[in-house]
Each structure stands twice: as structure tokens, then as C-alpha cells.
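**Q** To start, I am sharing the structure in question, which I have written as C-alpha cells.
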Amino acid sequence: MKPYDGTTDPKEHVPQYRERMEIIPIPGHLKEACLCKGFGLTLTGSALKWLLNIPPYSITSFEHLVNIFNNQFSCSGTFEKISSDLYRVV
């Protein structure tokens, strides 16, 4: 799996990460913690720097981590190009 560096669509990285983690037999009561802790191993560059700057104990779940991750790197996402968008260009 290619490490995420903040320059591609974050919504493509998370499903790849989840799929990789599903092949590892993790007890149910540890799964949430393992997902959160392991996520940093798939990041590099500005994405890793961002993760390291999150205040300790501020992440409440893996879904919370994914939400703030997607918000942070949403500008790197892939957007559908619509011809009507051209009319908004000034």
C-alpha cells in the first residue's frame, strides 16, 4: 500500500487501509484502537505531520479520525468537472 502524502484523494486511501486491516485477525474489543494506532503507519509527508500535531486524547473513534482526516485533505480530493462551473469563473 502506497503511503498517503496529502496530495491525492483521502477518500481513496481510507478504504484501502480498512481493507488491509480486515485481513489481520484483531479481537473485537481492540479493533477500534488498532485502526486508530495503525493509521499513522500509512501516512507520510504533510499527512503524517498533520497526524502528529493532533492533540493527545482528542480522537474519540476511528470514524472521528477519518472525518477530520477527510476534512483536512478534502482539497486533494477528486472533483467532478461540470460545464456549468465554467459560468462561475470571473
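The values are calculated or read from the model by the stated rules, or taken from the named source; none is laboratory data. Quick caveat: nothing in here was measured; it's all calculated off a predicted structure. Just so you know, the surface numbers come from the protein's heavy atoms only, side chains and all, with ligands and any DNA or RNA stripped out. Shrake-Rupley method; radii C 1.70, N 1.55, O 1.52, S 1.80 Å.
**Q** Quick check on the chain: helices-only [θ] at 222 nm, where DSSP H runs of length 4 and up contribute -39,500 (n - 2.57) each and the sum goes over total residues. Nearest 500, please.
**A** Helices in the chain give a 222 nm mean residue ellipticity of -15000 deg cm²/dmol.
**Q** Another question, if that's okay. On full extension of the chain, what length is gained from residue 22 through residue 67, given 0.36 nm per residue of separation minus the C-alpha to C-alpha distance?
**A** Difference between extended and current length: 14.2 nm.
**Q** What angle do you read, to the nearest 10 degrees and between 0 and 90, between the alpha-carbon axis of helix 28-39 and the longest principal axis of the chain?
**A** Around 50 degrees separate the two axes.
**Q** Per residue, what accessible area does the chain have, given a 1.4 Å probe and all protein chains present, in Å²?
**A** That works out to 75 Å² per residue.
**Q** Starting from the residue with the highest accessible area, list 4, 87 in decreasing order, probe 1.4 Å.
**A** Descending order: 87, 4.
**Q** First obtain the Kirkwood hydrodynamic radius of region 13-59 from its Cα pairs, then insert it into the Stokes-Einstein equation at 25 °C and 0.890 mPa s, and state the resulting D in µm² per second as a whole number.
**A** D = 210 µm²/s.
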